[in-house]
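What follows is a short report on a single structure.
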Amino acid sequence: MRGPIPPGEWRTFAACLDEDPDLFFPPSEKRRYVAQIFEAQAVCGRCRVRRRCADLAVSSGEQFGVWGGELPSQRRPRMRAPKAVSD
Ligand code: SF4
């Protein structure tokens, strides 16, 4: 994740804070990048804020990168899903 993080904000708990941000942005989902994708997903797999990260990517329409361990192709169906209506 990129950009300054305000103290106490959920991203301060991210497992990727000390990782190279480029790890999470493979050029594509093609087979040649599978090692990079798996490495990024392994970091996400031990992240305490994984669900929030994945939800942020969906709600912001993030088209690139591994967020919450999910690739763009994995979150796209949730981006298209109609929002639940509450009373
Ligand atoms: S889920 Fe992955 S990309 Fe998201 S904050 Fe955690 S380690 Fe970083």
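Taken together, the values in this text are just the output of simple stated rules run on the coordinates, not laboratory data. None of the values given here were measured: they were computed from a predicted structure. Cβ atoms come from the backbone with ideal geometry, glycine included; neighbour counts cover every protein chain shown.
Brief remarks follow.
- Selection from region 28-87 of residues that are out of contact with any helix residue (DSSP H, G or I) (no Cβ under 8 Å at 6 or more places or on another chain) and in contact (Cβ under 8 Å) with a residue 40 or more places away in the chain: 72, 73
- Of the residues making up region 65-77, those that are under 14 Å from residue 28 (Cα atoms) and away from the ligand (no atom under 12 Å from the Cβ) are 72, 73, 74.
- Residues being in contact with an Asp or Glu (Cβ under 9 Å, 6 or more places away or on another chain) and either among the aliphatic types (A, V, I, L, M) or farther than 16 Å from residue 22 by Cβ (or both) - total across region 32-49: 3
- Index of the failed condition, residue 35 passing every other in (1) in contact with a Phe, Trp or Tyr (Cβ under 9 Å, 6 or more places away or on another chain); (2) among the small types (Gly, Ala, Ser); (3) more than 11 Å from the ligand (Cβ to nearest atom): (1)
- Within region 43-57, the residues that satisfy the criterion of being over 15 Å from residue 73 (Cβ atoms), surrounded by 13 or more Cβ atoms within 10 Å (Cβ to Cβ) and more than 7 Å from the ligand (Cβ to nearest atom) are 52, 55, 56.
- Filter result (surrounded by 11 or more Cβ atoms within 10 Å (Cβ to Cβ) and either away from the ligand (no atom under 13 Å from the Cβ) or of a type in the set (S, T, N, Q) (or both)) within region 1-32: 12, 28, 29
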